[in-house]
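Presented below is the structure to which this report refers.
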Amino acid sequence: MERPYLTKKEIQMIYEKEFASDRLNQVRDIFLFSCYTGLAYVDVKHLSKSNINIGIDGDRWIFTHRQKTDTSTRVPLLPLAQEMLLKYENHPQCVNSDVLFPVLSNQKMNSYLKEIASVCGINKDLTFHFARHTFATTVTLSNGVPIESVSKMLGHTNIKTTQHYAKILNKKVSDDMAVLRNKLVNKT
């Protein structure tokens, strides 16, 4: 089964777009956070400050449990994800409810994501779940993060689940083989 995801260019288009309404900007920010953490809608919705801790490398990480599989998940915070967190740290709804983001219902988020895709000229049926797929493919696997690490960050209980993402990365295979080809040519 093909898992839809956004390309690097599409992520950039969404990131750079300033929307006329605060609600669309907010949905965009929360969606991008998920693109750079791989967290599912329900897991982002329940994140609080207590989920942000210092990881093994001394940087900030998310420590949480996936609701769907009840597995422990630890994800280092990439710069874009940190940027989104900072944007909302003093948001009244976040402060009052002890959450990191003012997340709307999944139905509303998906409805607004379709609007965002349309405004950005992205011809895909964008839903919040695209963020997990985008994290797996565009953000991690296509940048050389080993599948075992991606599987762990996604909270998958079986690496076969993660391998679905790897199947669609022919571009990554092509790039990796080009590097190998160059190494082999330069050794002769």
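The values are calculated or read from the model by the stated rules, or taken from the named source; none is laboratory data. Remember, it's a predicted structure, so these values are computed and weren't measured experimentally. Every residue, glycine among them, receives a Cβ derived from its backbone with ideal geometry; neighbour counts consider all protein chains shown.
Within segment 85-104, being in contact (Cβ under 8 Å) with a residue 24 or more places away in the chain and in a loop (DSSP other than H, G, I, E, B) holds for Asp98, Val99, Leu100, Phe101, Pro102, Val103, Leu104. One residue stands out in segment 1-52 among those that are within 17 Å of Val119 (Cβ to Cβ) and acidic (Asp, Glu): the one that is nearest to the chain's Cα centre (by Cα), namely Asp29.
Tell me, yes or no, whether segment 152-162 has at least one residue that is modelled with pLDDT under 85 and either under 22 Å from Lys9 (Cα atoms) or loosely packed, with under 11 Cβ neighbours inside 10 Å (or both). There is at least one residue in segment 152-162 that is modelled with pLDDT under 85 and either under 22 Å from Lys9 (Cα atoms) or loosely packed, with under 11 Cβ neighbours inside 10 Å (or both).
Restricted to segment 8-82, the set of strands (runs of 3 or more DSSP E) holding at least 3 residues that are surrounded by 13 or more Cβ atoms within 10 Å (Cβ to Cβ) and either touching a residue at least 24 places away in the same chain (Cβ under 8 Å) or out of contact with any His (no Cβ under 6 Å at 6 or more places or on another chain) (or both) comprises 60-65, 72-76. Residues that are part of a helix (DSSP H, G or I), of a type in the set (D, E, K, R) and exposed (fewer than 14 other Cβ atoms within 10 Å of the Cβ) within segment 121-151 comprise just one, Glu148. I need the full set of residues from segment 83-96 which are within 20 Å of Tyr41 (Cα to Cα), surrounded by fewer than 17 Cβ atoms within 10 Å (Cβ to Cβ) and touching a Pro at 6+ places or on another chain (Cβ under 9 Å), in order please. Within segment 83-96, His91, Gln93 meet the criteria.
Here Pro76 passes the criteria (1) at pLDDT below 95; (2) over 22 Å from His133 (Cβ atoms) except the one numbered (2). Among the residues of segment 35-72, those that are touching a Leu at 6+ places or on another chain (Cβ under 9 Å) and aromatic (Phe, Trp, Tyr) comprise Tyr36, Trp61. Applying the criterion of being closer than 21 Å to Thr134 by Cβ and among the hydroxyl-bearing types (Ser, Thr, Tyr) to the residues of segment 163-188, the residue that is modelled with the highest pLDDT is Ser174.
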